[in-house]
Structures are given as C-alpha cells and as structure tokens.
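The values are calculated or read from the model by the stated rules, or taken from the named source; none is laboratory data. Just so it is clear, the structure is predicted and the values come from calculations on it, not from any experiment. Every residue, glycine as well, gets a Cβ built from its backbone with ideal geometry; the counts of neighbours run over all protein chains shown.
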Amino acid sequence: MSLLLALGVGVLAGTGIYLLLRARSFDTILGLTLLSYAVNLFIFLMGRVTVGAPPIVRKGVPATLASYADPLPQALVLTAIVISFGMTALLLAIALRARAETGSDHVDGVEGESEKNGV
C-alpha cells in the first residue's frame, strides 16, 4: 500500500512539473494544481496511513502512535486544499484576462511575437 501511494505522489509531482515547464497558461495552472495535490498527498502520508484508527486518544487505549492516527497532517491538508482552490481560481481569472487581452494563452504573450522582434 505504501509503495502504491508513494508511486502516486511521484506520478503527480512528475506530471505537475512537466506541465509547469510548458509555455501555455492552462498547462501551467494544471501543473500547479497537480503539484499541490502531490504535496497534499505527501503531507497526508507523513502522518502515517492507518486504517480504522481514531485521531483522538481514548480511555483504555495506550497513547502511542500505533493506536491512533495523527490529526495534524489531516488538518494541514484540509487547510492546503482550501488555499490551493483559491489560488487556482485566482490563476484562472488572471489567465482568462490575459487571454482576452493578448488573444493567446502563451505565457509570454502572443506566440511568435519574440521571433518577429528579433529577440
């Protein structure tokens, strides 16, 4: 199970970085979103994935990491999800406005403009 989850983090991070290196604004936004998913999954995995373990210590159960789940990574991931949703919405609004202004979704403005100017 751990190997599958680690592979998922690697695939999400690799795909996100690949999309970030592309020169289109939608690809960049999608890459940032996938990279934030990879980081969220990594933070969640740092809290040890335990099935059926309560996050709060109960009476009669020893207070060790083997008997309960750590709630801090879960809270951090929930906060990061909200922040990444807001960031994605802002980036989409900026990308749509830039597309309306330039007529292209290339991150440097109009595609091929630098070749026309001799740069």
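Tell me yes or no: at least one residue of the stretch 63-77 is surrounded by 12 or more Cβ atoms within 10 Å (Cβ to Cβ), β-branched (Val, Ile, Thr) and over 25 Å from Ala6 (Cβ atoms).
No; the residues of the stretch 63-77 include none that is surrounded by 12 or more Cβ atoms within 10 Å (Cβ to Cβ), β-branched (Val, Ile, Thr) and over 25 Å from Ala6 (Cβ atoms).
Can you report the number of residues in the stretch 8-25 which are more than 15 Å from the chain's Cα centre (by Cα) and not in a loop (DSSP other than H, G, I, E, B)?
Qualifying residue count for the region: 2.
Return the residues of the stretch 78-110 that are among the aliphatic types (A, V, I, L, M), surrounded by 14 or more Cβ atoms within 10 Å (Cβ to Cβ) and closer than 24 Å to Leu45 by Cβ; say none if nothing qualifies.
Result: Ala80, Met87.
Here are some residues: Ala93, Ala69. Which one is small (Gly, Ala, Ser) and modelled with pLDDT under 90?
Ala69
Could you tell me whether Ser67 is in a loop (DSSP other than H, G, I, E, B) and not aliphatic (A, V, I, L, M)?
Yes; evaluated as a whole, the condition is true for this residue.
Working carefully through the options Leu34, Leu45, find the one that is surrounded by 15 or more Cβ atoms within 10 Å (Cβ to Cβ) and at pLDDT 90 or above.
None of the others qualify; the one that does is Leu34.
Scan the stretch 1-21 and report the pairs whose first residue is loosely packed, with under 12 Cβ neighbours inside 10 Å and whose second residue is among the charged types (D, E, K, R), with Cβ atoms within less than 9 Å and a gap of 6+ or a chain change.
Filtered contacts from the stretch 1-21: Leu21/Asp27.
Conditions: (1) at pLDDT 95 or above; (2) out of contact with any helix residue (DSSP H, G or I) (no Cβ under 7 Å at 6 or more places or on another chain); (3) among the hydroxyl-bearing types (Ser, Thr, Tyr). Thr15 meets all but one. Number of the miss?
Looking at each condition in turn, Thr15 falls short on (2).
Go through (1) outside any helix (DSSP H, G or I); (2) more than 24 Å from Leu3 (Cα to Cα) one by one and return the number of the condition Gly86 breaks.
(1)
Here is a list: Ser84, Ser114. Which entry is modelled with pLDDT under 85 and at negative phi?
None of the others qualify; the one that does is Ser114.
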